[in-house]
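The values are calculated or read from the model by the stated rules, or taken from the named source; none is laboratory data. Given the structure is predicted, the values throughout are model-derived calculations rather than measurements. We place every Cβ from the backbone using ideal geometry, glycine too, and count neighbours over all the protein chains shown.
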């Protein structure tokens, strides 16, 4: 039997981070379970297939359903909380290798109140004119002798 994409251990970590199911005042079709949608999301991300190619036989709902769940969970901050939770768990288990970590300005904002760099001096005050463009004689005449 194949290993499930969302193990029981992973689900116990993720489930509390998910927002509650929104109410349906008009009724409608039963919602695909969050665990099934997460399985579909992981399958698409691991396989690289387009959302609309998600096999219905997996029981994860349609690719559009999974894509909407990604969007809704992103808006609710689920992915950031999950990232922080997993980093905390790995840190407590001493499983993080900080020698391989990197940081850039996309993840950390610049310090407020940092000094403004000074003005850059020009290397040459006056640039020389380009002799070819400013020549009054056509190029064909200047080459003939």
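Restricting to region 82-136, name every residue that is touching a helix residue (DSSP H, G or I) at 6+ places or on another chain (Cβ under 9 Å) and at pLDDT 70 or above. Correct list: 82, 85, 86, 89, 95, 96. Scanning region 45-60 for residues that are buried (at least 20 other Cβ atoms within 10 Å of the Cβ) and farther than 18 Å from residue 15 by Cα yields one hit, 54. Looking only at region 20-35, residues that are in contact with a helix residue (DSSP H, G or I) (Cβ under 8 Å, 6 or more places away or on another chain) and under 13 Å from residue 6 (Cα atoms) come to 2 in all.
Listed here are the residues, each with its yes/no results for (1) at positive phi; (2) surrounded by 10 or more Cβ atoms within 10 Å (Cβ to Cβ); (3) in a loop (DSSP other than H, G, I, E, B).
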{"residue": "3", "(1), (2), (3)": "no, no, yes"}
{"residue": "10", "(1), (2), (3)": "no, yes, no"}
{"residue": "16", "(1), (2), (3)": "no, no, no"}
{"residue": "20", "(1), (2), (3)": "no, no, yes"}
{"residue": "23", "(1), (2), (3)": "no, no, yes"}
{"residue": "27", "(1), (2), (3)": "yes, no, yes"}
{"residue": "39", "(1), (2), (3)": "no, yes, no"}
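Scanning region 65-81 for residues that are touching a helix residue (DSSP H, G or I) at 6+ places or on another chain (Cβ under 7 Å) and either free of Cβ contacts under 8 Å to residues at least 60 places away in the same chain or farther than 19 Å from residue 10 by Cα (or both) returns 65, 66, 67, 69, 70, 73, 79. Against the conditions (1) in contact (Cβ under 8 Å) with a residue 12 or more places away in the chain; (2) part of a helix (DSSP H, G or I); (3) surrounded by 10 or more Cβ atoms within 10 Å (Cβ to Cβ), residue 88 satisfies every one except (1).
Checking each residue in region 41-64 for being within 18 Å of residue 6 (Cβ to Cβ), touching a residue at least 12 places away in the same chain (Cβ under 8 Å) and assigned to a helix (DSSP H, G or I) picks out 41, 42, 43, 44, 46, 51, 58, 63.
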